[in-house]
1. What single numbered condition from (1) modelled with pLDDT under 85; (2) surrounded by 13 or more Cβ atoms within 10 Å (Cβ to Cβ) fails to hold for residue 75?
2. For segment 1-55, give me each residue that is under 22 Å from residue 122 (Cβ atoms), aliphatic (A, V, I, L, M) and part of a strand (DSSP E or B).
3. If residue 29 satisfies all but one of (1) under 15 Å from residue 132 (Cα atoms); (2) at pLDDT 95 or above; (3) of a type in the set (Asp, Glu); (4) exposed (fewer than 14 other Cβ atoms within 10 Å of the Cβ), what's the number of the condition it fails?
4. Is there a residue being of a type in the set (D, E, K, R) and surrounded by 20 or more Cβ atoms within 10 Å (Cβ to Cβ) anywhere in segment 49-57?
5. Tell me which residues, restricted to segment 85-108, are crowded, with 16+ Cβ neighbours inside 10 Å, over 11 Å from residue 7 (Cβ atoms), modelled with pLDDT of 95 or more and within 15 Å of the chain's Cα centre (by Cα).
6. Looking at segment 43-57, which of its residues are touching a residue at least 12 places away in the same chain (Cβ under 8 Å) and farther than 21 Å from residue 99 by Cβ?
Amino acid sequence: MEHLHNTRLFVEETYRVLKPGGTVVMTSENLCSLLNCIALCLGYTPFSLMQLCGRYIGNPLGLHYNEPIMQHLPVDHPAFSGVAGHIRVMTVRQARELFEWVGFEAEVRSISILPLPDCLSRILERLIDNRGHYMIIRAHKAR
């Protein structure tokens, strides 16, 4: 979902085409993950939003910092949209509110506190809520 220009339309269309009683499960990155919060506190761009103008910039702690982003189309091609990578990254609360606003019964939770190993990440996930780097969205359409 973080790659879409019109997130609301995507969620509305998902609701429209899903059968009553159906459930959809999606994943996305979490803007308020522990890793992104630390980056912001240090004055850096959140890891989830480093892709800008064809490069990974704004956060020298990023794995691909200052490297070019491989584009499928050259930037001077007429079909190039001008934007590549993540368009918008939501928080757990924001994702839940969006899906509920459209009409879903939504359960959203975060997972994987990076860069910790899985065993430590699972322990920490129980102690601090909504700080995993990814979120799982489970949205149900009532009958």
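1. The number of the failed condition is (2).
2. Listed by number, the residues that qualify are 25, 26.
3. The single condition residue 29 does not satisfy is (4).
4. no
5. 91, 92, 96, 108
6. 44, 45, 46, 47, 49, 50, 51, 52, 54, 55, 56, 57
Okay, residues lined up against (1) polar (S, T, N, Q); (2) part of a helix (DSSP H, G or I):
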{"residue": "60", "(1), (2)": "no, no"}
{"residue": "64", "(1), (2)": "no, no"}
{"residue": "70", "(1), (2)": "no, no"}
{"residue": "86", "(1), (2)": "no, no"}
{"residue": "93", "(1), (2)": "no, yes"}
{"residue": "101", "(1), (2)": "no, yes"}
{"residue": "114", "(1), (2)": "no, no"}
{"residue": "121", "(1), (2)": "yes, yes"}
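The values are calculated or read from the model by the stated rules, or taken from the named source; none is laboratory data. Bear in mind that the values here come from a model prediction, so they are computed numbers and not experimental data. Reconstructed Cβ throughout: ideal geometry from the backbone, glycine too, with neighbour counts over all protein chains shown.
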